[in-house]
Amino acid sequence: MPYAHITGWGMSVPPKVLTNDDLSKIVDTNDEWIRDRTGIRQRHIVEDESQSSATLGFEAAFQALRVANLRPSDVDLIICSTSTPEHIFPATACLIQDQLGATRAGAFDLLAACSGFIYALNMGAQAIKSGSAKNVVVVGTETLSRFVDWSDRNTCILFGDGAGAFVLQASDEPGGIYGGVMHSDGSGGDLLTLLGGGSRHPATELTVHTGMHYIHMDGKEVFRFATRVMAQATMDAVAASGWKVEDLSIIIPHQANYRIIDAAARGLKMPIDKFMINLDQYGNTSTASIPIATVEAAQQGRLKKGDKTVFVGFGAGLTWGALAVEWTGPLSTEKSVHPERDRLYGRARSLYRRIVRKIEKIIWGRNE
Ligand code: COA
């Protein structure tokens, strides 16, 4: 059975930064309160329509392909985890596939809220281990700022926008993604919701006026749930891989709240500096937070070939999960791989198909 290695990684955040002081001009809050209760100092948010979940996701995915030195046309499968998709359909994964020029890839979205990247990574790894895919791109992307009620200080201080992506590749060399756990408890579904716009509550004047297109949250209950599950899920993923917690060089948790990560560290009896934490810069970017933290850990030299780590997250649903990973790095050093040239070729084919479809429509239209 092949191993599923993480061989490429990338991230993208919009340039616009919203600091705690900026927020204190919009709602009744202040920098000290936000830093003390969450650890967040600032977040990045999208501005105009040129920035979206698909554009951020594409940028992160293409960076990951470059690091992996892999052509878009070599990708077999794209899984996009998001709670803020571009549309209900088509899937954001298909928009990213088109932008990448990944002409051979299957593509679908997966929704497990802030745990989504753990779920998507696990599914990508299973596709590789079962032999049904060799090269998989897993993307986590969010534009939560578009669903935040900017007059609700309980939620608007927490979230930020961004995307992260990994390339997974098959190899017979041991390493990559080992054991993991995925859990859910729908009885807590009402603790963190965005109810409007789905089939139960399609958009109407009433859903707009009653704020159903915004995120709603019982912060205290979510906090309690998160502190209960993080340490246990980490231990379960480690045990499923036949490792010990002491083997871990670093833990990369979902970046929701410094106090939640601190509670997990205490639960695991590990020093907090073993945890990668960058939520001060980005806030909670939901499913994108783990890959963004991973990219920065790799850039800072905190993840080296052979290091053992655990990704652990929790979120709406309720959902939670963890994956144990032995860090690899790029497999291919082949010089003749040109991801950019290959992408342009894929994009040209996409444009050609669009034109053919338009011409066929005109011809058929005349014949009817
Ligand atoms: N600025 C200033 N005061 C605020 C505030 C803000 N942004 N938000 C709430 N407050 C006030 C409350 O109104 C309350 O005032 P009161 O005592 O007069 O009623 C007080 O601060 C304490 O509020 P509380 O909700 O008890 O704070 P908390 O310590 O639970 O922190 C969260 C609130 C949201 C930061 C915390 O509960 C949390 O992080 N929960 C988890 C959320 C999460 O991670 N969600 C995403 C999951 S993926």
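No value in this document is a laboratory result; all are computed from the given coordinates. Not measured: the values here are computed from a predicted model. Glycine gets a Cβ as well: all are built from the backbone with ideal geometry, and neighbour counts include every protein chain shown.
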(request) Can you check what the net charge comes to around Asp152, using other residues whose Cβ is under 13 Å from the Cβ of Asp152 (Lys, Arg +1; Asp, Glu -1)? (result) -2
(request) Amide H neighbours of Ala112 under 5 Å, at least 5 residues apart or on other chains, H built in the peptide plane: list them. (result) Thr82
(message) Taking every DSSP beta bridge with both residues inside the chain, roughly what % is antiparallel (nearest 5)?
(response) 70 percent
(request) Sort out for me the Cα centre separation of segment 63-81 from segment 283-297, rounded to whole Å. (result) 18 Å
(message) As a footprinting exposure proxy, order Leu206, Leu248, Leu323 by other Cβ within 10 Å, with the fewest listed first.
(response) Leu206, Leu248, Leu323
(request) Give the long-range amide H neighbours of Tyr178: residues separated by 5 or more places, or on another chain, with amide H under 5 Å away, using H modelled in the peptide plane at 1.01 Å from N. (result) Ala324, Val325, Glu326
(request) Order by neighbour count: Tyr119, Tyr214, Tyr345, fewest other Cβ atoms within 10 Å first, most last. (result) Tyr345, Tyr214, Tyr119
(request) Please turn the phi angles of segment 235-247 into ³J(HN,Hα) values with the Karplus equation 6.51 cos²θ - 1.76 cosθ + 1.60 (θ = phi - 60°), one per residue in order, whole Hz, x for glycine and proline. (result) 5, 5, 5, 5, 5, 5, 9, x, 9, 10, 4, 5, 6
(request) For segment 136-143, just list the computed ³J(HN,Hα) in residue order, Karplus coefficients 6.51, -1.76 and 1.60, θ = phi - 60°, integers in Hz, with x standing in for Gly and Pro. (result) 10, 10, 10, 10, x, 9, 8, 10
(message) I'd like to know which of Pro174, Gly140, Ala203 lies farthest towards the positive end of the charge dipole of segment 91-226, counting +1 on Cβ of Lys and Arg and -1 on Cβ of Asp and Glu.
(response) Pro174
(request) Would you please state which residues of segment 255-275 a label at Ile26 would reach in this model, taking the label point 7 Å out along Cα→Cβ and a backbone N cut-off of under 19 Å? (result) 256-257
(request) First select every other residue whose beta carbon is under 15 angstrom from the beta carbon of Gly189; then total the charges, Lys and Arg +1, Asp and Glu -1. (result) -3
(message) Just to check I understand the Karplus step: with θ = phi - 60° and J = 6.51 cos²θ - 1.76 cosθ + 1.60, what whole-Hz values come out for segment 297-311, glycine and proline as x?
(response) 4, 5, 5, 7, x, 8, 10, 10, 3, x, 5, 9, 9, 10, 8
(request) Find, among the GluC sites (Glu not before Pro) in segment 14-100, those assigned to loop by DSSP (not H, G, I, E, B) with at most 14 other beta-carbon atoms within 10 angstrom. (result) Glu47, Glu49
(request) Between Arg259, Arg357, Arg66, find the one with the highest GNM mean-square fluctuation for the chain; connect C-alpha pairs within less than 10 Å. (result) Arg357
(request) Could you point to the residue in Ser81, Ile272, Cys94 farthest towards the positive end of the chain's charge dipole, with +1 and -1 charges on the Cβ of Lys/Arg and Asp/Glu respectively? (result) Cys94
(request) Write down the percent of antiparallel bridges among all DSSP beta bridges whose residues are both part of segment 1-133, to the nearest 5. (result) 40 percent
(message) Around Tyr345, under 14 Å between beta carbons, what's the net of Lys plus Arg minus Asp minus Glu among the other residues?
(response) +3
(request) Quote the charge dipole size of the chain about the Cα centre in Debye, to the nearest 20; the model charges only the Cβ of Lys and Arg (+1) and of Asp and Glu (-1). (result) 900 debye
(message) Given axes a ≥ b ≥ c from the Cα gyration tensor, I'd like to know whether the chain is rounded (a/c under 1.5), prolate (a/b larger than b/c) or oblate.
(response) oblate
(message) Let me spell out the model: positive unit charges on the Cβ of Lys and Arg, negative unit charges on the Cβ of Asp and Glu, origin at the Cα centre of segment 21-93. What dipole size does that give, in debye rounded to 20?
(response) 280 debye
(message) Please list, ordered by chain and number, the residues whose modelled amide H lies under 5 Å from the amide H of Ala107; skip anything fewer than 5 residues away on the same chain.
(response) Ile78
